[in-house]
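Read the figures in this text as sums done on the coordinates, not as results from a lab. Quantities reported herein were computed from a predicted structural model and do not represent experimental measurements. Cβ coordinates were reconstructed from backbone atoms using ideal geometry, including for glycine residues, and neighbour counts include every protein chain displayed.
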Amino acid sequence: MDAAFLAEFRRTIDRAAERLGTFCDSEASRPTAPGKWSKKEIVGHLIDSAANNHGRFVRAQLQEDLVFPGYDQDAWVRVQRYRDRPWSDLVALWRAYNRHIACVMESADPDTVARVRQSHNLDELAWKAVQRTEPTTLDYFMRDYVAHLEHHLRQALGSDWAQSRD
Ligand code: NI
């Protein structure tokens, strides 16, 4: 995975964690809109995404295809009761898990990351789906993971948070 992408990903993690940490526990528990996830649940969903994709990113280096199990996102958030967890614990776990995933990306062999895979289910798994008839790469899947993370950070922090960096 290229160095500029990784540096930007790590910067996003650290800046977002800092910004998320400015909200108090009760603010983080409130739904962001009627019937929508709270900040706690959004970050919880991103922890689930990290946990699932961590396994996929490792396995992708040990198998030929990019075929992996999915997970029921709403059910995972519900059964883990993220809304009842301390906000600071969730932000710390989110930050640490994503810093680990950045290391997993950095450690991956570049040829393996770039190798074209004919067999995949990124039509089901990816945030920006790839048709099953089109080949894809682990590079695409890793970048798609970060794009999904940024999408939810905009939900939690507002659409302009990324522009307001120093
Ligand atoms: Ni999502």
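Listed by chain and number, the lysines whose C-alpha is less than 22 Å from the C-alpha of Lys128, apart from same-chain residues fewer than 8 away, are Lys36.
Here each label is just a point 7 Å from Cα along the line to Cβ, and for Gln73 and Arg132 those points are 2.1 nm apart.
Shape descriptor for the stretch 1-147: Rg over Rh equals 1.00 (Cα atoms; Rh from the Kirkwood inverse mean 1/r). Loop-located trypsin sites (Lys or Arg not before Pro) in the stretch 9-87 (DSSP state other than H, G, I, E, B) with a sparse environment of at most 12 neighbouring Cβ atoms within 10 Å: Lys36, Arg81. Spin-label pair Asp14-Gln61: with each label point 7 Å from Cα along the Cα-Cβ axis, the two points sit 2.3 nm from one another. The overall shape of the stretch 8-61, judged from the alpha-carbon gyration tensor, is oblate: a/c is not under 1.5, and a/b is no greater than b/c. Placing dummy labels 7 Å off each Cα toward the beta-carbon, the span from His151 to Ala7 is 2.8 nm. Label point 7 Å out from Glu106 along Cα-to-Cβ: which residues of the stretch 1-45 have amide N under 20 Å? Residues 1-18 fall inside that zone.
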